[in-house]
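Input: a single structure, listed below in structure tokens.
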Amino acid sequence: MKESLMNNFDGFLHNKYIIIPMLIWFFIQLFKLIYDLVTTKKFNFKRILGAGGMPSSHSAVVVSLATMIGKDIGVDTPMFALSLLFALVVMYDAAGVRRAAGKQARLLNKIVQTPGLTGIEVQEKLVEVLGHTPKQVFVGALIGIIVGLVV
């Protein structure tokens, strides 16, 4: 039993379909952190885990996964179909639903902060950078395709 568990863990650590997308996510988020540090001269650790910004790490992760699956086992397989549709849903959500939620959060924050407009007292601001522009999603997807083909 213990040997089987170790083999499973070893297999997990060497599974490129897990490791490569996780590395892509980490390096894109690290890039965003460093870019933010250079441009604002402030260290914002939230950038490493936060959503939004150029490029979309969400898009890069799911597209790299779909690309590796398509390259390795074929584009005519159920696994590729699943990964491609998953990628499309994630990218649509990033550029559509979450972006709209971010715009609504920005507007609500302005309304609540306007003196005399509302009697609402808010303890914290709503998160405004939730989604991505179509360009950010496209660049993330392009990174995913390139990395998926190279690996």
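None of the figures in this text is laboratory data; all of them are computed from the coordinates on show. Just so we're clear, the structure is a prediction, and the values are computed from it rather than from any experiment. Heads up, the Cβs are rebuilt from the backbone with ideal geometry, glycines too, and the neighbour counts pull from every protein chain shown.
Packing, taken as the mean count of other beta carbons within 10 Å per residue, orders the peptides 53-62, 29-38 from highest to lowest as 53-62, 29-38. For the range 1-84, what class follows from the C-alpha gyration tensor (a ≥ b ≥ c being the square roots of its eigenvalues): rounded when a/c is under 1.5, otherwise prolate if a/b is larger than b/c, else oblate? It comes out oblate by the Cα gyration axes. The calculated FRET efficiency for the pair T40 and E3, based on their C-beta separation and a Förster distance of 41 Å, comes to about 0.20. Taken one residue at a time, the phi angles of the range 141-146 give Karplus couplings (6.51, -1.76, 1.60, θ = phi - 60°) of 5, 4, 4, x, 5, 4 Hz. Gly and Pro are set to x. When peptides 39-48, 142-151, 13-22 are sorted by average Cβ neighbour count within 10 Å, with the highest value leading, the order is 142-151, 13-22, 39-48.
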